[in-house]
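What follows is a single structure, written as structure tokens, with notes after it.
The values are calculated or read from the model by the stated rules, or taken from the named source; none is laboratory data. Just so it is clear, the structure is predicted and the values come from calculations on it, not from any experiment. Neighbour counts run over all protein chains shown; Cβ positions are idealised from the backbone, glycine included. Remember, those area values only see protein heavy atoms, side chains included, never the ligands or the DNA or RNA. Shrake-Rupley method; radii C 1.70, N 1.55, O 1.52, S 1.80 Å.
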Amino acid sequence: MQVFNCDQCGHLVFFDSVQCLHCGAKLAFLPDQLTMAALVPAVSGLRDDSDLWERVADSGRGSAQPLYRLCHHRTAHRACNFALQGDDPQALCVSCRQTRILPDLSEPANLRRWKQIEHAKRQLYYTLAKLGLEPAPPGESPAFEFLADQPGYPVITGHSSGTITLNIAEADDDERARRRLALHEPYRTLIGHLRHESGHFYWDRLLRDQGKLDHFRAVFGDERQDYGAALQTYYASSPHLRDWGDHHVSAYATAHPWEDWAETWAHYLHMVDLLETASSYRTGLQIPKPKAGAPRRFTMNDPFAPQSPDFDAMVSEWVPLTLLLNSLNRSLGQQDAYPFALSSGALAKLRFVHELVQSARNRARPEPLKARQA
């Protein structure tokens, strides 16, 4: 995720920080400003209001400055670092309130798993907000259910009618690794699951509901083919032996056009998130081109900047960045963090997602005020 600086001392802090390790300031992420902030108790009249906080940068400036409350899940479970505006009637932040069903949190293992999943969900919310897709009107954001298997009732991770369900067992590293190996997958993470399932949600919102299915079918194929039969065929074969690399981002993307879209959507979110992380190191992360003898170096650009780079510019930075990322992992004896090689066919689908998101982002921006004619 993007790195930030503490309001109080300027030290480097991170998206999931709750306290500055340098000066001890209390930290929270402010979704309305999409930034981390150091907070101090807000002064109300002649007494401190223990429920309200203000930014260190705003302290002493008067009552006109915004006030905040900490998410209830932070105070009750140490499970969230988002804040909400002081006059918000909700007890939960914009991310936590999207979760409709929780596992039994009296079970310590479930509490640990839930905290990990909510962290990944906050990361998803941040990226969607940067893309202009959050915050959204009621009913236009995904809802989440995090469930544990019950005897005879296994939980299937998936999306249905706006609700994303996740089996909380996916928060266990050993279980996730077991499933990754059993399914011959190169990559399986919590954030990957949530990004993939959010792709199904936004297929409904950005394609189906916007009347763009013909455009989708021209790139991904006809989604009207039987979905259940397609998945049965996929799992009955040897997916890892399929010839998928020329046109898809993964083997699973070959199962059905819906899964092709969701895998590509998730990959696009991987891309913009990693590029933003690299660009946020303001000392200027420079990476040499992977071509032998090429002297030019890339300085990472912010994919969420008001004048965001076009897709080709993003790809030109993406390739050397992922090579560096994998080299760093290998130097520590770890597997490649990015075990993919994108073909021209996969890039064409990623470009489709990019252009669709940019179009939605532009629609969401307010029209600039026109100069009044004399």
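Restricting to region 120-140, what's the tally of residues that are polar (S, T, N, Q) and open to solvent by less than 30 Å² (accessible area, probe 1.4 Å)?
Step one: list which residues in region 120-140 are polar (S, T, N, Q), which gives 123, 127.
Narrowing the set further to residues that are open to solvent by less than 30 Å² (accessible area, probe 1.4 Å) leaves 127.
Summing the residues that are polar (S, T, N, Q) and open to solvent by less than 30 Å² (accessible area, probe 1.4 Å) in region 120-140 gives 1.
Do you know which of the residues in region 143-153 that are open to solvent by less than 40 Å² (accessible area, probe 1.4 Å) and either among the polar types (S, T, N, Q) or part of a strand (DSSP E or B) (or both) is farthest from R208 (Cα to Cα)?
This residue is F146.
Grab the helices (runs of 4 or more DSSP H) fully contained in region 159-247, keeping just those with 2 or more residues being among the polar types (S, T, N, Q).
Fully inside region 159-247 and qualifying: 227-236.
Looking at region 1-45 only, could you name the residues that are touching a His at 6+ places or on another chain (Cβ under 8 Å), assigned to a loop (DSSP other than H, G, I, E, B) and either hydroxyl-bearing (S, T, Y) or open to solvent by 20 Å² or more (accessible area, probe 1.4 Å) (or both)?
If the condition is that a residue be touching a His at 6+ places or on another chain (Cβ under 8 Å), assigned to a loop (DSSP other than H, G, I, E, B) and either hydroxyl-bearing (S, T, Y) or open to solvent by 20 Å² or more (accessible area, probe 1.4 Å) (or both), then C9, H11, D16, L21, H22, C23 are the ones that fit.
Where the second residue is among the polar types (S, T, N, Q) and in a helix (DSSP H, G or I) and the first is open to solvent by 40 Å² or more (accessible area, probe 1.4 Å) and lies in region 92-117, which pairs have Cβ atoms under 7 Å and are six or more apart or on separate chains?
Qualifying pairs under 7 Å: D104/N110.
Being exposed (fewer than 14 other Cβ atoms within 10 Å of the Cβ), at negative phi and touching a residue at least 40 places away in the same chain (Cβ under 8 Å), is that true of even one residue in region 159-181?
There is no residue in region 159-181 that is exposed (fewer than 14 other Cβ atoms within 10 Å of the Cβ), at negative phi and touching a residue at least 40 places away in the same chain (Cβ under 8 Å).
Could you check region 221-250 and list, in sequence order, the residues that are closer than 17 Å to A341 by Cβ and among the hydroxyl-bearing types (S, T, Y)?
Once the filter is applied, which keeps residues that are closer than 17 Å to A341 by Cβ and among the hydroxyl-bearing types (S, T, Y), region 221-250 yields only S250.
Are any residues in region 238-263 more than 25 Å from the chain's Cα centre (by Cα) and open to solvent by 50 Å² or more (accessible area, probe 1.4 Å), and if so, which ones?
Listed by number, the residues that qualify are S238, H240, L241, R242, D243, W244, D246.
As an exercise: evaluate I156 against (1) open to solvent by 70 Å² or more (accessible area, probe 1.4 Å); (2) over 18 Å from I117 (Cα atoms); (3) of a type in the set (A, V, I, L, M, F, W, C) and give the number of the one condition it does not meet.
(2)
Within the set of pairs 6+ apart or on separate chains, which have a first residue in region 256-279 that is under 14 Å from P320 (Cα atoms), a second that is of a type in the set (D, E, K, R) and open to solvent by 10 Å² or more (accessible area, probe 1.4 Å), and C-beta atoms under 6 Å apart?
Hits for this filter: S279/D302.
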